[in-house]
Each structure stands twice: as structure tokens, then as C-alpha cells.
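What follows is a single structure, written as C-alpha cells, with notes after it.
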Amino acid sequence: MDDKKPWPKPTNPTRRKLVIATSAVGGVAAMGTAIPFILSMSPSERARAAGAPVEADVAKLGAGELMTVEWRGKPVWILHRTPGMIERLKANDPLLSDPRSERPQQPEYATNPLRSRKPEYLVAVGLCTHLGCVPTFRPEVAPSDLGPAWPGGFYCPCHGSRFDLAGRVFKNVPAPTNLEIPPYRYLGESALLIGADEGSA
């Protein structure tokens, strides 16, 4: 014979209603606690947007000017190069570590001396490939602090790395590689989509 006795049922109707009401309130409270917890595990709108392509309009970007947009939490530079800047790039090859961009840091369409789709626009991730510092834009030629051989480019004051106006790294500096070129495409004459190639959503 089983010695276990069944759980006593409340005989008082008021008590029965109280047990039901308490159980219902407890269930609602449990759901109220669980729903925010479950939602916190799904990515936020900001997190989802962080990896999405971003648009940039260069219509008002003057020749010789640099603008920065954020993509995946990184600064992406868009430089509108002047004809003089483009011309000076040709003389930099002997000074550079990877002048022909043979290391895979750029999409195929940017594997050229200017590392770009259009000669006048450089699109590059603005982080030094040494330790991820943000270099400064130094377009002037032969400034006193950078020396007479400086042709204009990007200088990282943290550890002295140097890149030309195509984002190519100079020899004998801490940075091991050229600046990264992100995937991008043109949506029109002046609109760019950074983070997506042709055929991407």
C-alpha cells in the first residue's frame, strides 16, 4: 500500500480562488522576466546595422579633401585626389613595401597602382595595419616635421608608420601591410555604397 497521501485540495472556495490568482500572477511575473531576457540575447538594431553597407555622397567633397564614414565600427576614408596627387603617386614605388598591392588587402578591382575604382577617389579603412591606430592625413609635400622626401599621404604619429595617398605602406616602418580597401561600389556619379560589391544586397 502506498503511504503517500495526495496533496490536500483546498475546500474553502475563497482559498481556492486565492491559489488560482496567485498562480496566475506568478506565471505573468515569470513571463515578464523571461521576455526581456530572451530579447536581450537577440542582436539589437544598432548591432545589426553595424555590419550593413553604408552610403556616402561625395558630391560636395572638394579636390584634395578627405571625409570619413563609419562602417562596421571602423573609420573609412574617402579621399578626393587632385591630378597632382595622382601624378606624384607614380614616383613612390621605390619607397614602398608593396607598391603593386600584391598582398590580398583589397578587392580585385582595386588591385592597381591607385587602389581604386576611379582614379580620383581613394576609399580605404583608416586604421594603421600595425596596431590599429588612426593615422593623420598629411597631404602636404616635404613638411619640416616629415622631411624632404615626404610626398604626401597618411602618417601614424603613434609609431611612425607612413602610407602614401593610395594607402600603400612605406618601407622600414612598423606597419607590415598597406591600408585595407573595403568592398564598395558606385550607386551613381557621386554616391558610394561601402561594404558591398556588385551583386551584394
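For this structure, a couple of remarks:
- Where Rh is the Kirkwood radius over Cα pairs, Rg/Rh for the range 93-146: 0.98
- Amide H contacts of ARG138 (H built 1.01 Å from N, in plane; Pro and chain starts excluded): GLY153, PHE154, TYR155 sit under 5 Å, all sequence-distant by 5 or more or on other chains.
- Restraint check, LYS90/LYS118; LYS60/LYS90; LYS74/LYS171, Cα-Cα greater than 21 Å: LYS60/LYS90; LYS74/LYS171
- Here LYS60 and LYS90 are evaluated by their C-beta separation; at R0 = 30 Å the FRET efficiency comes out at 0.60.
- Cut-off 11 Å between beta-carbons: net charge of the residues surrounding GLY64, Lys and Arg +1, Asp and Glu -1: -2
- Mean Cβ count within 10 Å, highest first, over the residues of peptides 67-76, 156-165: 156-165, 67-76
- Vicinal HN-Hα couplings computed from phi for the range 130-141 (Karplus, 6.51 cos²θ - 1.76 cosθ + 1.60; Hz; Gly/Pro x): 7, 10, x, 6, 9, x, 9, 7, 10, x, 5, 8
- Total charge dipole magnitude, the range 52-194, about the Cα centre, Cβ charges on Lys, Arg, Asp, Glu only, Debye to nearest 20: 220
Each reported figure results from applying straightforward, stated rules to the coordinates on display, with no laboratory input. Because the structure is predicted, anything quoted here is derived from the model rather than measured. Neighbour counts are summed over all protein chains in view; Cβ atoms, including those assigned to glycine, are modelled from backbone coordinates with ideal geometry.
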